[in-house]
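Reviewing the structure listed below.
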Amino acid sequence: MRLEIRKRVLGASRRMLAYKALAVALALLVDALIFLAMGVDPVQAYSRILEAAFFSTYGLAETVVKFIPLALISYGLALAFKAQIWNIGAEGQLLMGAIAATWIGLNMKQLPPEALIVLMYLGGFIAGMAWAFIPAMLRANLRVNEVLTTFMMNLIAQKILEYLVYGPWRDPHGWGFPQTPPLPENARLPLIVGTRIHYTTLAIAAATCLFTLLLFSKTTIGYEIKVVGGNVKAAKYAGINVAKIVLLVMIMSGGLAGIAGTGEIGGIHYRLRPTFSPGYGYTGIVIAWLGGLNPLGVTIAAFLYSGLLVGGDALQVVMGLPQSTVNFFNGSILLFILTFEFLTKYEVRLKR
């Protein structure tokens, strides 16, 4: 007997909705069993998650705080993935954007706040683009696998960050902790009163969503990206410059991750630390797929997953559950959805 996998042709949209609903239901059932095994009422746990993430002022604000970097990164990754360019390096691009924004904030503090903040965003964007440009050039000109190069660039970026915060950028008044001095007040992003929502980065995320929607639906470049993603040989035959598309989607993806890094440093942490990112760059990969590589779908997926993160934190604090249980809860939902996502597009059969 052998396993045969065939791409589905008809009924994909209805099947996708049904499978996603079934995936969520099964994930919640499995998580409920885990909660019961730990002596926790599943209904109470799920109620706590919803209340903490979406039905309290503080929780909703924190959900938006986590949504901002996840959305920015996922929009960029969706752009690259549409062209079948597998940028796994958003985490490193985020780190490099944060490094650039920190340097600008600490060394150009004589500037007025408006100019300094614009420069920080611009620096983060350029740093993220530059970090993505290296694997993009290798892929476009030498056909080097971008999965390997972008992943290795993540590791290099992390080591650069660690070198800086343990070495020349270390705060001499930081009690020996690996961190930079805090950003001056004029380098800190404006917040919505009473929250940690840095609304300038949120506005950039909203503009990015609109931009990518228009890019794919109204522009020649968007059409070329989809053609390259559908069939590279056909794209070349049609006269599309594939190398240009590879470079474009990679540097745009990297630039958006760099802006996300700027937002985290300028709006949340106010200083560079080796662990300021909880892995947003890697999570963005999953969210881009959960959203179907569609900007609106990515927005919904990023918001809901941000709520899961906030709700998971509440389970730890209020119900005393360990971090491993919270990670299992979040991961199981993603695993079930991605598995059933595959089944919406492919038919699996056993043949003799």
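Taken together, the values in this text are just the output of simple stated rules run on the coordinates, not laboratory data. Predicted, not measured: the structure shown is a model, and the values here were computed from it. Every residue, glycine among them, receives a Cβ derived from its backbone with ideal geometry; neighbour counts consider all protein chains shown.
Okay, here's what the table says:
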quantity	calculated
FRET efficiency for residue 238 and residue 148, using Cβ-Cβ distance with R0 set to 22 Å, rounded to 0.05	0.15
Neighbourhood charge, 13 Å Cβ-Cβ cut-off, centred on residue 246 and excluding it, Lys, Arg +1 and Asp, Glu -1	+3
Around residue 329: net Lys/Arg minus Asp/Glu count, Cβ-Cβ under 14 Å	-1
Among 204, 294, 186 - extreme Cα towards positive end, dipole of the chain, charges at beta-carbon	294
Within straight-line cross-link reach of residue 345, aspartates and glutamates at Cα separation under 18 Å, skipping those fewer than 8 residues along the same chain	4
Span from the region 16-47 Cα centroid across to the region 116-171 one, whole angstrom	38
Alpha-carbon centroids, region 275-332 and region 227-273: separation in whole Å	22
Relative contact order, percent, the chain [alpha-carbon distance under 8 Å, six or more residues apart]	36
Extension reserve of the residue 217-residue 138 stretch, reckoned as 0.36 nm per residue once the Cα distance is removed	25.5 nm
Options [x] 21.4, 74; [y] 19.0, 53; [z] 20.5, 77 - which one matches Rg and Dmax of the Cα atoms in Å as calculated here	[x]
Mean Cβ count within 10 Å, highest first, over the residues of peptides 287-296, 94-103, 262-271	94-103, 262-271, 287-296
Cβ-based exposure ranking for 177, 216, in which fewest neighbours within 10 Å come first	177, 216
Greater than 27 Å apart at Cα, pairs in 20/233; 20/82; 20/236; 82/351; 7/351	20/233; 20/236; 82/351
For the chain, calculated [θ]222 nm from helices alone, where every DSSP H run of n ≥ 4 adds -39500 (n - 2.57)	-24500 deg cm²/dmol
Packing-based order for 131-141, 80-90, using average beta carbon neighbours within 10 Å, highest first	80-90, 131-141
Within-13-Å neighbourhood charge of residue 287 [Cβ basis; K, R +1; D, E -1]	0
Longest to shortest principal axis, alpha-carbon extents of region 258-352, angstrom	60, 35, 23
Ordering of 186-199, 35-48 by packing [mean C-beta count within 10 Å, highest first]	186-199, 35-48
Partner lysines for residue 159 [C-alpha distance under 25 Å; skip if fewer than 8 residues away on the same chain]	66
